[in-house]
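A.B. asks: Below: one structure in structure tokens.
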Amino acid sequence: MAKRELPPDPKVTEWKRTNWARFFRWIGFGAVLSLVTGVAMTSFYSHFQMGRPLVLKEFILYLLMLFMTGVLIPQIIFEVDYIRDDGDELRIRNLFLSFKEKWSELKWLYNRPFLKFAILRGKKFIYFLNKKDLQEFDKLVETIREKAPQLPE
């Protein structure tokens with residue numbers, strides 16, 4: 001039996017990232033996680049099993065790995081995949097978590113033209129809104145400003 005499509009609700013608006021962009025976020029997260037795990041396990045084997053001392057090159061590798069992880073992981077975790085305006089609340093989903101934020105609970109929206117992200121601060125979380133990935137981004141910012149007038153400019 002075919003699945004019956006419901007007519008779209010005029011009060012509900014959705015913004016979402018394309019599937020290929022979401023797929024590449026999963027690939028990036030997996031690559032960073034496997035690199036960090038691989039280096040940590042190699043180090044564990046080298047130092048604790050074989051008794052080798054820590055050398056400067058290895059320490060520089062750890063600093064570089066820590067920097068790369070510190071730059072990439074927040075973007076992957078905080079970046080929004082899907083936003084839905086249900087009228088009285090905003091449903092937001094990122095790579096791992098889903099949130100419901102009431103319009104009155106939004107704290108601030110930082111949207112500057114020279115940044116790749118707009119930053120939305122809610123009561124529960126910080127969300128990065130990617131200007132290039134979310135379809136109709138300008139309409140999203142306009143809707144947020146309209147329904148949450150308490151946000152500072």
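A.B. asks: Just rank 37, 143, fewest to most, by other beta-carbon atoms within 10 angstrom.
C.D. replies: Lowest count first: 37, 143.
A.B. asks: For the chain, which longest stretch is free of loop sites, where a loop site is one of the trypsin sites (Lys or Arg not before Pro) that DSSP puts outside H, G, I, E and B and that has at most 13 other Cβ atoms within 10 Å? Don't jump to the answer; show the numbers that get you there.
C.D. replies: Numbers: sites that count: 3, 4, 11, 116, 123, 124, 132.
Longest run free of exposed loop sites: 12-115.
A.B. asks: Apply the Karplus parameterisation 6.51 cos²θ - 1.76 cosθ + 1.60, with θ equal to phi minus 60°, to every residue of segment 128-133 and state each ³J(HN,Hα) to the nearest whole Hz, in sequence, with x for glycine and proline.
C.D. replies: 9, 9, 6, 5, 8, 8
A.B. asks: Relative contact order, percent, of the chain when contacts are C-alpha pairs under 8 Å separated by at least 6 residues?
C.D. replies: Values: 171 pairs, mean separation 35.6, N = 153.
Computed over the chain, the figure is 23 percent.
A.B. asks: Sort 133, 138 so that the residue with the fewest other Cβ atoms within 10 Å of its own Cβ comes first and the one with the most comes last.
C.D. replies: Numbers: 133 20, 138 10.
Ranked by crowding around the Cβ, least crowded first: 138, 133.
A.B. asks: Among 101, 79, 142, which one shows the biggest mean-square fluctuation in a GNM of the chain, springs joining Cα atoms closer than 10 Å?
C.D. replies: Residue with maximal mean-square fluctuation among 101, 79, 142: 142.
A.B. asks: Under the rule of at least 5 residues apart or a separate chain, name every residue whose amide H is placed under 5 Å from the amide H of residue 133.
C.D. replies: Close amide H contacts, sequence-distant or interchain: none at all.
A.B. asks: Under the Karplus relation 6.51 cos²θ - 1.76 cosθ + 1.60, θ = phi - 60°, what is the ordered set of whole-Hz ³J(HN,Hα) values for segment 27-37, x standing for Gly and Pro?
C.D. replies: 4, x, 5, x, 5, 5, 5, 5, 5, 5, 5
A.B. asks: Sticking with this one: Cα to Cα, under 20 Å, and not fewer than 8 places away if on the same chain: which aspartates and glutamates meet these conditions relative to residue 116?
C.D. replies: 79, 81, 133, 136, 138, 142, 153
A.B. asks: Let me check the size of the chain from its C-alpha atoms; what are the radius of gyration and Dmax in Å?
C.D. replies: 20.6, 67
A.B. asks: Taking the DSSP beta bridges in the chain as the whole, what percent of them are antiparallel, to the nearest 5? Don't skip to the end; give the middle numbers.
C.D. replies: Numbers: 22 of 23 bridges.
The answer is about 95 percent antiparallel.
A.B. asks: Could you tell me which residue out of 27, 109, 92 lies farthest along the dipole of the chain toward its positive end? Charges go on the beta carbon: Lys and Arg +1, Asp and Glu -1, centred on the Cα centre.
C.D. replies: 27
A.B. asks: Report the semi-axes of the equivalent ellipsoid for segment 20-66 in whole Å, largest first, where each axis is √(5λ) for an eigenvalue λ of the Cα gyration tensor.
C.D. replies: 28, 12, 4
A.B. asks: How far apart, in nm, are two points set 7 Å out from the Cα along the Cα-to-Cβ line at residue 93 and at residue 21?
C.D. replies: Spacing of the two 7 Å Cα→Cβ label points: 1.6 nm.
We did not get these values from a lab; they are worked out from the coordinates using the rules stated. Quantities reported herein were computed from a predicted structural model and do not represent experimental measurements. Note: ideal-geometry Cβ built from the backbone for every residue, glycine included; neighbour counts use all protein chains shown.
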